Every structure is written in structure tokens, then in C-alpha cells.
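*Asks:* Below you'll find the structure I mean.
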Amino acid sequence: MSLLAGSYERFIWGYKLKHLKTATTTTAETLNLTLAPQFSYAAHLSPIKSITVSGTVAASSAGDDTVKLYDLTTSTELGSVLLHSSSATSLSLFGASFFPTNLIAGATTGDVHIFDIDPFVLLKTVKVHKKSVNDVAVHPSGRVALTVARDLRLSMVNLVRGKRSYYSRLENEVDVVKYFGEGGDKFFMCSGDNVCVHNSEDARLIAEFENSKRILCAAPAHNGLIFTGGEDRGITAWDSAAGKVAYQIEDAHKTRVKGIVVLSRDGNSSSAESPFLVGSASSDGVIRVWDVRATSKGKSVPLSEADTKSRLTCLAGTSIKSLKQPQTKKDASENNAEEMDGA
């Protein structure tokens, strides 16, 4: 299980979350975690805007107009693409469990770029928005993606045909959009201090929540849970089915929360097991891992933390199982083909 954070100082920080059980149970009292440094280096020439992880592959973007790809098993760079006229603001990997096939990126020009992973090349650029894209979310099927931008629009991009298929005006600017639920049957958007949950089929509003302060980051989990963090310096789990707060970690950090990740054991967010490990990063450079089961007992003490001593801008994570079974590009490509054939 690894956590990767991007920083304003151009660095990417990689940590491996190691956990040892001192007993046969998995309670918070018997779970010993440590964030061991994995790598750190200046990946870009300007502050990092976005970072994403899927299986053994990670990608990052920055204001230097480049998108870079990394192999987490060897902590090496796989390739770099220069976008020339824009910089990527949001990244999303799609593909098989261990080695994804495609990277989708939203850009400052309002475009959506579609990359092939092996080899790492730009396949197509789709003009979607009139202003910078704030976030992009790829449906689990890989056929469509949702985008939100500064032009106050929600768009759907047909990734198979490579064109925009839907365009709708929003009342307020949306910063975050994510698919979640069974097979991506729902999606949610974060705008200011508001979270709204919609049905993916007809965009019908299912639930709406209001946070105390502006939300800067969010991550979905199964069973209808949505984790958010932001200027309130805390972590909140919203239950979209019950329409209320499930639990909350107040004062999770000393400064605003810039990244949040739900850490699953097998990398499958649809697993029947409730998520209990959540990673968070703040603008003061601290990364923490929490056991959310302890919140019901009134305990809000992180299981592990690391101080990068830099101004963090984003956070991404992957699971233990994915990194324990590295594959060659050839094996991964064969597995990807098998999964696509069976889809």
C-alpha cells in the first residue's frame, strides 16, 4: 500500500504503508502502522497540480505543461509527454488492476486529453469546455468521463468516439466530480461547502449535504460513503443513503486538508468490507493515516504520519495487493486484453 503526494515545491513524495498485526484481531489497538519513505524527487519544473495511481502505475501533472508516468515497483519514470499549449489540471487512470491502459487528463484550455499508457503517447485531444477543467472522472466501464470546469459546465465525454456527448450549465463552479456506487451508478460533485449526489443514468439528485467550510478534496468509498476534507481541517464521512454524517474527525490537521484517499486492502472499492483506513494530506506537508473505526469511541489519533516539510497540493494511493504482484508490460498488456474481451 503506497501513498503519493505532490507538492508546491515540485517534489513527489512516495511512502509505503506497512502494517504489522501484533495479534490475530484487526482492531485499532492491535494494528501497528508506519509510513516508510519510498522515494522523493523533483519531478517537474513547477508546482504539481494533480497525481493519480492505479495498480503499479502513477501519473503526475504540473504547470510546466508536462504529464509524467511512473512505475511504482521500481520507482522509476516510464515516460513524459509535453502538451505544448496547456497544462493538465486533473488526471485519471483507467484499465486493468495492475497495469492500466489509458490516462485521461483535463487541461487549462478546457480540453480533455486521452493518452495510451504503453507506449506513453497522446492519442486524442477533445475540446470540451471554454475554460480550465477542474476535475475529470472516468466511469468504471471506461466508455465515458464526466468533467467540470470554470465555465460553470458539467460535461460528459464519449471516450470511445472521442467527442463530447453532453453539456449542462451549473449554478455554481464545481471543484470535484467522482463516480461511485455499484458499477458507477452514482456520481457526486463538490461546490464550495456543498456536496450533491446524483443518479448516473438520469442525473437525478439523490442527496445533498452542506459542510461547515469549503471542501477542497473528496474520495468515494463503497456503501454510499463519501469522504471530504478542506478548509475546516477535518475529515467527514457522508452517508449518501442515510442522508447524514456517518462520522467525523475534527482537527485532523493543523492546516487545510488538500488530499484524501480511502485505502482498501485489495484495491477494490466495491469490496463488502467497510473501509477503515483513510489517508489525508495537508498544506503544511503532513500525511496521516486514520482508522475511522476509532471515531465512534471518541478517538481521533492517527495510526501513522509523515512530515514532508513541504506544501502539499494533492494525494493519491494504491493498495498492498496491487504492489505485491508486479507484472511486466507484456503480461499486463495480455491481461488487459483478456479483461477487455470479457467486458
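*Asks:* What ranking of LYS244, LYS124 comes out by heavy-atom accessible area, probe 1.4 Å, highest first? Spell out each step's value before the answer.
*Replies:* On the way: LYS244 125, LYS124 90 Å².
These residues rank, largest area first, as LYS244, LYS124.
*Asks:* I need the shape label for the stretch 154-216. Rule: rounded when a/c is under 1.5, else prolate if a/b > b/c, else oblate, with a, b, c from the alpha carbon gyration tensor. Don't jump to the answer; show the numbers that get you there.
*Replies:* Working: a/c = 2.18, a/b = 1.56, b/c = 1.40.
Prolate, because a/c is 1.5 or more and a/b exceeds b/c.
*Asks:* Let me ask something additional. Percent relative contact order of the stretch 94-160, based on C-alpha pairs within less than 8 angstrom and at least six residues apart? Display every interim value, and only then the final one.
*Replies:* Details: 145 pairs, mean separation 15.9, N = 67.
24 percent.
*Asks:* Residues of the stretch 175-236: accessible area per residue at 1.4 Å, in Å²? Walk me through the numbers before you get to the answer.
*Replies:* Details: 2480 Å² over 62 residues.
Per residue, the stretch 175-236 has 40 Å² of solvent-accessible surface.
*Asks:* Okay, next question. What is the mean projected area of the alpha carbon convex hull for the stretch 182-263, to one decimal in square nanometres?
*Replies:* 5.1
*Asks:* Still on this structure, please answer the following. Give me the accessible area of ASP64, 1.4 Å probe, in Å² rounded to the nearest 10.
*Replies:* Per-residue accessible area (ASP64): approximately 30 Å².
*Asks:* Using the structure shown, list the pairs from LYS127/LYS258; LYS131/LYS213; LYS49/LYS163; LYS178/LYS309; LYS186/LYS309; LYS130/LYS244 with a Cα-Cα distance above 32 Å, or answer none.
*Replies:* Values: LYS127/LYS258 28 Å; LYS131/LYS213 25 Å; LYS49/LYS163 25 Å; LYS178/LYS309 30 Å; LYS186/LYS309 37 Å; LYS130/LYS244 35 Å.
From LYS127/LYS258; LYS131/LYS213; LYS49/LYS163; LYS178/LYS309; LYS186/LYS309; LYS130/LYS244, over 32 Å: LYS186/LYS309; LYS130/LYS244.
*Asks:* By the gyration tensor of its Cα atoms, with a ≥ b ≥ c the square roots of the eigenvalues, what is the shape of the stretch 108-147: rounded for a/c under 1.5, prolate for a/b over b/c, or oblate?
*Replies:* Values: a/c = 2.38, a/b = 1.27, b/c = 1.87.
It comes out oblate by the Cα gyration axes.
*Asks:* A further question follows. On the accessible surface of the stretch 130-288, probed at 1.4 Å, how many percent belong to carbon and sulfur atoms? Walk me through the numbers on the way to the answer.
*Replies:* Working: 3000 of 7170 Å².
Summing carbon and sulfur atoms, their accessible area is 42 percent of the total for the stretch 130-288.
*Asks:* When a/c reaches 1.5 or more, the comparison of a/b and b/c decides; with that in mind, is the stretch 139-181 rounded, prolate or oblate per its Cα gyration tensor? Intermediate results must be reported in sequence, preceding the final value.
*Replies:* Values: a/c = 2.89, a/b = 1.44, b/c = 2.00.
Note, shape of the stretch 139-181 comes out oblate.
*Asks:* While we're here: Among the GluC sites (Glu not before Pro) in the stretch 114-211, which ones are in a DSSP loop with at most 13 other Cβ atoms within 10 Å of the Cβ? Mind listing them? Walk me through the intermediate numbers first.
*Replies:* On the way: sites: GLU171, GLU173, GLU182, GLU201, GLU208, GLU210; in loops: GLU171, GLU173, GLU201.
Here the GluC sites (Glu not before Pro) that fit, given the DSSP loop and packing criteria, are GLU171, GLU201.
The values are calculated or read from the model by the stated rules, or taken from the named source; none is laboratory data. No experiment lies behind these values; they were computed from the predicted model shown. No Cβ is skipped: glycine too gets one built from the backbone with ideal geometry, and neighbour counts run over all protein chains shown. Please note that ligands, DNA and RNA were not included when accessible areas were found on the heavy atoms of the full protein model with its side chains. Shrake-Rupley method; radii C 1.70, N 1.55, O 1.52, S 1.80 Å.
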